[in-house]
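The values are calculated or read from the model by the stated rules, or taken from the named source; none is laboratory data. In this text the structure is predicted, and so the values were computed from the model without any measurement. Here the Cβ positions follow ideal geometry from the backbone for every residue, glycine too, while neighbour counts run over all protein chains shown.
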């Protein structure tokens, strides 16, 4: 049977302090938009469809996913052996209006998909 706590511990005052919680970097919109724009710029003609962006986004996340994509592109791995993760935060970055106008020197940047815009 566990030993009982001394009553002095239970009678002492305690304080709750609100502490900020860290947001996972993958969920930060500005980071996601930056990655999105770099991925689009790396595509031929700075044009990509949503599926291409999801594959590239998955590939840049970890060393193992990069290796899997390179092995697939070189013909050393079957398409079924690599499971591409579709990330909803990438969709939110695409839908975001905060990045529009971020590429004034690259008017050719396009995403070949239609999304409802969010404010």
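Are there any pairs with C-beta distances below 6 angstrom linking a residue in segment 28-55 that is closer than 24 Å to residue 67 by Cβ to a residue that is assigned to a strand (DSSP E or B), with the two at least 6 apart or on different chains, and if so which?
Short answer, once both residue conditions are applied: 40/48.
Conditions (1) part of a loop (DSSP other than H, G, I, E, B); (2) at pLDDT 85 or above; (3) out of contact with any strand residue (DSSP E or B) (no Cβ under 9 Å at 6 or more places or on another chain); (4) surrounded by 10 or more Cβ atoms within 10 Å (Cβ to Cβ), marked per residue:
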residue	(1), (2), (3), (4)
31	no, no, yes, yes
41	no, no, yes, yes
51	no, yes, yes, yes
55	no, yes, yes, yes
66	no, yes, yes, yes
69	no, yes, yes, yes
80	no, no, yes, no
84	yes, no, yes, yes
105	yes, no, yes, no
